[in-house]
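Accompanying notes for the structure given below.
The values are calculated or read from the model by the stated rules, or taken from the named source; none is laboratory data. From a predicted model like this one, the values you see are computed outputs, not experimental measurements. Here Cβ is always computed from backbone atoms with ideal geometry, including for glycine, and neighbour counts include all displayed protein chains.
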Amino acid sequence: MSFQLATTLLASEADPVSHLVDKQLGDSPVMLSMVTMVVCAALVCYLLARAARAISTGPVSMGNKRYLPATKFGATIEVMILYLRDQMLTPVMGERLAKKYDGFLLSLFFFILMLNIVGLIPFIEVQEFIYFLRGLPFSMAEHQTNAIFGGAATASISVTAGLAIVTFVVVQVQGLRELGVKGWLEHLCGGADIVHGSVFLWLIVPIIFVVEFVGLFVKPAALAIRLFANMVAGHTLLLTLTMFGTMALKAGLGMFAVSSITVVSGVGAVLITFLEVFVALLQAFIFMFLSSVFISLMAHEEHADGHAEGAPAH
């Protein structure tokens, strides 16, 4: 019994990646990542709604304090939003596009951040341990789990691909709205200057079109793979560290050696967890930032003209 307990607590499966594989909820076709995404989406809506109420301007009777956030959580969210909007989105997209898409991009950021943070908390292991204490079976088929929530949803390529597809649709809708069908096709051919330029430039139009057309799908694919790969790598390292104690126990080492290895690997896991929190924030930011870049690229002709008009005369 003590060995099984140690096995459960220390995540001792032979393959740490098996903890990251998306699983079905029992015999149902529902995947664990689906439930996690729905719960995280609801949690993000709830937390942002609370922050919005805390940030909103209070009654006149409060004086100047009416402009201050009512809670520290609201102040933190306000600082994050203002920084991302004013220092990241507006310089990249321009004020007009930033106002149009900051709601989508910031929602994307907070949603991915919530998924990443939830993935760092061992909800599945806690649920399995509760099943173990109650004497209920927790070892199911490889593709199934009796946990009802948790797991690293962004460590599933289907989840990150779904997020990338949403971004892809938004980018293409922006391009068609901004440029029209004719302008969108010209964009794929290198721009109006090349299409309507010298006849000799037409020789490179097919090459540019192929590159740009492939790029339409490579960009969202890069978003999905980048987020997926970074989350899988971090979680795999963390799970591998937590396995060292049980591996030493299985190897028949003495209790002193097992305890020492467990303490060292535990300290290393804690340090890696702090790094993973930073990576969770960074990857959510990168996904949002690159999405804003891809959206702004579909209006690059307008930005180019705007820069030209606003440029000082020499």
Please go through segment 128-161 and pick out each residue that is at pLDDT 80 or above, of a type in the set (S, T, N, Q) and outside any loop (DSSP other than H, G, I, E, B).
-> T154, S158, T160
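Okay, residues lined up against (1) under 16 Å from the mean Cα position of the chain (by Cα); (2) part of a helix (DSSP H, G or I); (3) more than 24 Å from L275 (Cβ to Cβ); (4) free of Cβ contacts under 8 Å to residues at least 60 places away in the same chain:
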| position | (1), (2), (3), (4) |
| --- | --- |
| G74 | no, yes, yes, yes |
| V79 | no, yes, no, yes |
| P91 | no, yes, yes, yes |
| L108 | yes, yes, no, no |
| L113 | yes, yes, no, no |
| G119 | yes, yes, no, no |
| E125 | no, yes, no, no |
Failed item, numbered, when V205 is tested on (1) within 24 Å of the chain's Cα centre (by Cα); (2) farther than 16 Å from L297 by Cβ; (3) surrounded by 13 or more Cβ atoms within 10 Å (Cβ to Cβ) | (1)
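Residues checked against (1) modelled with pLDDT under 80; (2) buried (at least 16 other Cβ atoms within 10 Å of the Cβ); (3) under 18 Å from G162 (Cβ atoms):
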| site | (1), (2), (3) |
| --- | --- |
| H19 | yes, yes, no |
| G26 | yes, no, no |
| M31 | no, yes, yes |
| M37 | no, yes, yes |
| A41 | no, no, yes |
Search segment 101-120 for residues being farther than 20 Å from I148 by Cα and out of contact with any Phe, Trp or Tyr (no Cβ under 9 Å at 6 or more places or on another chain), and hand back the single one that is surrounded by the most Cβ atoms within 10 Å (Cβ to Cβ).
-> F110
Got at least one residue in segment 197-220 being among the hydroxyl-bearing types (S, T, Y) and either free of Cβ contacts under 8 Å to residues at least 24 places away in the same chain or at positive phi (or both)?
-> yes
When segment 55-100 is checked residue by residue, the ones that are surrounded by fewer than 17 Cβ atoms within 10 Å (Cβ to Cβ), in contact with a Pro (Cβ under 6 Å, 6 or more places away or on another chain) and of a type outside the set (D, E, K, R) are A75
Go through (1) closer than 24 Å to F228 by Cα; (2) at pLDDT below 90; (3) outside any loop (DSSP other than H, G, I, E, B) and name the single condition M62 misses.
-> (1)
For segment 209-231, enumerate the residues that are out of contact with any Ser or Thr (no Cβ under 7 Å at 6 or more places or on another chain) and either basic (K, R) or surrounded by 18 or more Cβ atoms within 10 Å (Cβ to Cβ) (or both).
-> K219, R226, N230
Can you name every residue in segment 16-57 that is in a helix (DSSP H, G or I) and under 30 Å from M243 (Cα atoms)?
-> P16, V17, S18, H19, L32, S33, M34, V35, T36, M37, V39, C40
Sort through F256, F294, F274 and tell me the only one that's at pLDDT 90 or above and either assigned to a helix (DSSP H, G or I) or crowded, with 16+ Cβ neighbours inside 10 Å (or both).
-> F294
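Looking at segment 212-222, is at least one residue out of contact with any Phe, Trp or Tyr (no Cβ under 6 Å at 6 or more places or on another chain), in a helix (DSSP H, G or I) and under 20 Å from L25 (Cα atoms)?
No, there is no match, as no residue in segment 212-222 is out of contact with any Phe, Trp or Tyr (no Cβ under 6 Å at 6 or more places or on another chain), in a helix (DSSP H, G or I) and under 20 Å from L25 (Cα atoms).
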